[in-house]
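Beneath this line is the structure, given in structure tokens, with notes to follow.
The values are calculated or read from the model by the stated rules, or taken from the named source; none is laboratory data. Small disclaimer: the values here were computed from a predicted structure and weren't measured. Cβ sites come from the backbone with ideal geometry, for glycine too, and all protein chains shown count toward neighbours.
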Amino acid sequence: MISSIFGGKKPPQTTTYYKMLNDSVPVFTDSGDEIYDSDIGRTCIDAVARNAAKLKPKHIRRINGDILNTNSNLERLLQIRPNPYMNAYDFIYKTVSQLYSNNNAFIYIQTVGGMITGFFPINFSTVELVEYQGDMYCRFSFKTGFRMTVPYTDLIHLRRHFCRDDIFGEDGRKAYKPTQTLINTINQGIVNAIKSSARLRGFMKFTSTLRPEDLKKQKDEFVADYMGINNDGGIAALDAKADFTPLESKSMMADSEQMEIARQNAYRYFGVNEKIIQANYNEDEWNAFYESSLEPIAIQLSLEFTSKCFTAREQGHGNEILFEANRLQYASAKTKISLIKELSPLGLLKINEGREIFNLGPVEDGEKRLVSLNYVDSAKANKYQVGEEDGDAEGGNGNKDGGTEDGGGGE
């Protein structure tokens, strides 16, 4: 895998740490396992990643205000299989999962002969910013011990909670740790309460005086016989030599309100809610989630891919990568029908675009736009309504004074 991703790339041998403005150490360590290994953390990350993975990348070109679809090799690469190990859905899902686990995600742009041939999310252990001949590089360390140094310009870098550090997004452990600890404590309390309720608890009182070693032996035998997991019935039997007095212990557990507070803290951190996680949302709730969580990801992806995939000259000729989603797929049938009825007569929707809203496949000649004859170009309105040519004066033949061409006053 190392060879297929980085090939024969030879990193610079002599580097120094990149000097940061705030004098911090330019090193970021992967701490995402701590967040991703918690059940609620993984659930929230999955809710964002699986919806963000529906974003569709497009290579477009803006020319004189028009947007042209290019159908380029780069677009096909992004839409189908960005690298040999991942399809487009897996690629975006993994990238967003890393972003929400680490608040940083790196994608390596593989090139051969100046042509982009693949995009690889980098699952690193540590990344260091180093400098070589005035340029910034990222030196990645992996769990296998392998290290690779690549130019920062060959990387797509996505960040979340980008505030105090000059390059990296904030490490999420400090902000999310109290919520994660609270949730883990609540879960452990429930488990321990269930275990405690299934056990005998109490003290034994012997009617005769026993030596310490005999007392301990009797106690150990009683525990082994009646307080272990094999005592399914929960009943103990004693003779007249000893009395057993049970102790009632009430396990303290968090109530439903406290548990809900802990969950809401996690939801706020990841920008989701219960309905999004359970896919039980209406179109308004989906639009709110899209605008607050998915759209910022789409904007980041679009800007970074455009900046790193095209030269300044190519960008000057209008080349862009856009990540977009058909939000109308999540609208109600009533809303979809209303939109098509209102937009199609204006020529704002192609036939296939209207079919796509209803999750229908394209048809032949579906790229046509159908318009209503009830609408007319504003510049042609006079000719359409009263038969006047463009430039005709109201009530005249084009002369300012309304006279004839030979200057006479007419008959």
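Side notes on the structure shown:
- Residue count, the range 155-168 (criterion: at pLDDT below 95 and either assigned to a helix (DSSP H, G or I) or among the β-branched types (Val, Ile, Thr) (or both)): 1
- Test: residue in the range 182-205 that is out of contact with any Gly (no Cβ under 9 Å at 6 or more places or on another chain), part of a helix (DSSP H, G or I), modelled with pLDDT of 80 or more and under 30 Å from MET259 (Cβ atoms): yes
- The range 126-164: number of residues that are out of contact with any strand residue (DSSP E or B) (no Cβ under 7 Å at 6 or more places or on another chain), within 24 Å of THR306 (Cα to Cα) and surrounded by 14 or more Cβ atoms within 10 Å (Cβ to Cβ): 3
- Checked against the criterion of being more than 15 Å from the chain's Cα centre (by Cα) and over 17 Å from CYS309 (Cα atoms), the range 103-119 has no qualifying residue.
- Verdict on ILE107 being modelled with pLDDT of 95 or more, in contact with a helix residue (DSSP H, G or I) (Cβ under 7 Å, 6 or more places away or on another chain) and under 19 Å from THR29 (Cα atoms): yes
- None of TYR281, TYR267, TYR290 is more than 21 Å from ASP66 (Cβ to Cβ), in contact with a Cys (Cβ under 7 Å, 6 or more places away or on another chain) and not charged (D, E, K, R) except TYR267.
- Criterion (farther than 29 Å from ASN287 by Cβ and either charged (D, E, K, R) or not assigned by TED's automatic domain parsing to the domain that holds GLN79 (or both)) met by exactly one of LYS19, LYS54: LYS19
- Among (1) touching a residue at least 60 places away in the same chain (Cβ under 8 Å); (2) more than 28 Å from ARG313 (Cβ to Cβ); (3) of a type outside the set (A, V, I, L, M, F, W, C); (4) surrounded by 15 or more Cβ atoms within 10 Å (Cβ to Cβ), the one test that HIS59 misses: (2)
- Close pairs (9 angstrom Cβ cut-off, 6 or more residues apart or separate chains): part of a strand (DSSP E or B) in the range 15-34, charged (D, E, K, R) anywhere: THR16/GLU131; TYR17/GLU128; TYR17/GLU131; VAL27/GLU128; PHE28/GLU128; PHE28/ASP165; PHE28/ASP171; THR29/ASP171
- Test for GLU285: is it in contact (Cβ under 8 Å) with a residue 60 or more places away in the chain, over 21 Å from ASN103 (Cβ atoms) and of a type outside the set (A, V, I, L, M, F, W, C): no
- When LEU322, LEU343, LEU301 are checked against the criterion of being more than 15 Å from the chain's Cα centre (by Cα) and under 26 Å from MET115 (Cβ atoms), LEU322 stands alone in meeting it.
- The range 285-332, subset among the hydroxyl-bearing types (Ser, Thr, Tyr) and in a loop (DSSP other than H, G, I, E, B), residue modelled with the highest pLDDT: THR311
- Cβ-Cβ under 7 Å pairs, at least 6 apart or on other chains, the range 163-178 side at negative phi, far side of a type in the set (Asp, Glu) and not in a helix (DSSP H, G or I): CYS163/GLU170; ARG164/GLU170
To keep it simple, each residue is scored yes or no on (1) in a loop (DSSP other than H, G, I, E, B); (2) surrounded by 11 or more Cβ atoms within 10 Å (Cβ to Cβ); (3) of a type outside the set (Val, Ile, Thr).
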{"position": "LYS334", "(1), (2), (3)": "no, no, yes"}
{"position": "ILE337", "(1), (2), (3)": "no, yes, no"}
{"position": "LYS341", "(1), (2), (3)": "no, no, yes"}
{"position": "LEU349", "(1), (2), (3)": "no, yes, yes"}
{"position": "ASN359", "(1), (2), (3)": "yes, no, yes"}
{"position": "ASP365", "(1), (2), (3)": "yes, no, yes"}
{"position": "LEU370", "(1), (2), (3)": "no, yes, yes"}
{"position": "LEU373", "(1), (2), (3)": "yes, no, yes"}
{"position": "LYS380", "(1), (2), (3)": "no, no, yes"}
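- Some residue of the range 70-82 being touching a residue at least 60 places away in the same chain (Cβ under 8 Å), exposed (fewer than 14 other Cβ atoms within 10 Å of the Cβ) and not β-branched (Val, Ile, Thr): no
- Restricting the range 83-110 to residues that are among the hydroxyl-bearing types (Ser, Thr, Tyr) and under 20 Å from THR43 (Cα atoms), the residue that is surrounded by the most Cβ atoms within 10 Å (Cβ to Cβ): TYR100
- Screening ILE5 with (1) in a helix (DSSP H, G or I); (2) modelled with pLDDT of 85 or more gives one miss only, at (2).
- Residues that are assigned to a helix (DSSP H, G or I) and hydroxyl-bearing (Ser, Thr, Tyr) were ranked within the range 35-51; the one that is farthest from GLN110 (Cα to Cα) is THR43.
- Neighbours by Cβ (under 9 Å, 6+ apart or cross-chain): first from the range 362-380, at positive phi; second surrounded by 10 or more Cβ atoms within 10 Å (Cβ to Cβ): ASP365/ILE351
- The range 322-348 residues that are not assigned by TED's automatic domain parsing to the domain that holds GLU283 and of a type outside the set (S, T, N, Q), paired with ones that are assigned to a loop (DSSP other than H, G, I, E, B) and at pLDDT below 80 (beta carbon under 7 Å, 6 or more apart): LYS336/PHE358; PRO345/SER372; PRO345/TYR375; LEU346/TYR375
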